[in-house]
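S.K.: Pasting in a structure now, in C-alpha cells, and then I'll have a few things to ask.
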Amino acid sequence: MGLLDRCKALVVALTLVLASCGTAKIAEVDPKLQPYVDEFSKYFGMKVDWVPTTFKDLKDNWVGVCITGGDSPVVQIDPGYWEEADEGEREALIMHEYGHCVLDRDHDDAMVTISGVKIPKSVMNAYTFSGIIYLKYKDYYMKELFGR
Ligand SMILES: [Zn+2]
C-alpha cells in the first residue's frame, strides 16, 4: 500500500465517523410538545428532529421563541401560556415557531377575508389568535405556511 492509498483509507474512515455522528444527533423535544412537532413534520414532508424544543419561562408576554444563530435553531415555549392555551392555540404556536426556525418565515400581520370572514392571513402573525379560528381554517393555514 503506497502513501496515497493509506491517506485515502484514512479519509474514508473519517467520513464514516462523521456520518455516524451526524445521524445519531437527535435534538431534545419535550414529550408534551412532541405530538405538535410531529404534526409540523407531517406537513413538512419529513421528520424534523434537529430543533431542540423545550419549555422555558419567557420574559414579558412572550409565548414562544425561535432562537437562531447557534449550531442549530432552538424553540422555547412558555409553560404558563401552554397550560392556559387550547389545542388550536398550542398547535398554531408550534407551527409559528417552526415556521421561523425551519421554514425561515418572518412575521406577517396581514388579514384576509375568506367566505366573508376576516381572519389573520398566516400563523406567522406576530400575535396569537383564536385556536378555534386556526382549527376551522387549518387547511388554508397549512397551505399558506408551506407555500402550496
Ligand atoms: Zn414569531
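S.K.: Of the options Ser130, Trp82, Pro35, report the single residue whose Cα projects farthest towards the positive end of the charge dipole of the range 26-146 (beta-carbon charges: Lys, Arg +1; Asp, Glu -1).
M.R.: After comparing all options, I get Ser130.
S.K.: Here's something else I'd like to know. Could you check the spin-label model distance between Thr113 and Ala126? Points 7 Å from the Cα along Cα→Cβ, value in nm.
M.R.: 2.5 nm
S.K.: Something else: What number does the range 26-146 give for Rg over Rh if you use C-alpha atoms and the Kirkwood radius?
M.R.: With Rh from the inverse mean 1/r over Cα pairs, Rg/Rh is 0.94.
S.K.: Any chance you could run the full-extension gain for Lys42 through Met142? It's 0.36 nm times the residue separation minus the Cα-Cα distance, nm to one decimal.
M.R.: 34.9 nm
S.K.: Per residue of the range 130-143, in order, report the coupling 6.51 cos²θ - 1.76 cosθ + 1.60 (Karplus, θ = phi - 60°) as ³J(HN,Hα) in whole Hz, putting x for Gly and Pro.
M.R.: Taking θ as phi minus 60°, the curve returns 3, x, 5, 4, 4, 5, 5, 10, 4, 4, 4, 5, 5, 4 Hz for the range 130-143.
S.K.: Students often forget the sequence filter, so: which aspartates and glutamates lie under 19 Å Cα-Cα from Lys42 once same-chain residues fewer than 8 apart are removed?
M.R.: Correct list for Lys42: Glu28, Asp30, Glu87, Glu89, Glu91, Glu97, Asp104, Asp139, Glu144.
S.K.: OK, next. Given H placed 1.01 Å from N in the peptide plane, which residues other than close sequence neighbours of Val29 have an amide H under 5 Å from its amide H?
M.R.: Thr53
The numbers here are math on the coordinates, done by the rules we state, and not lab data. Given the structure is predicted, the values throughout are model-derived calculations rather than measurements. Neighbour counts are summed over all protein chains in view; Cβ atoms, including those assigned to glycine, are modelled from backbone coordinates with ideal geometry.
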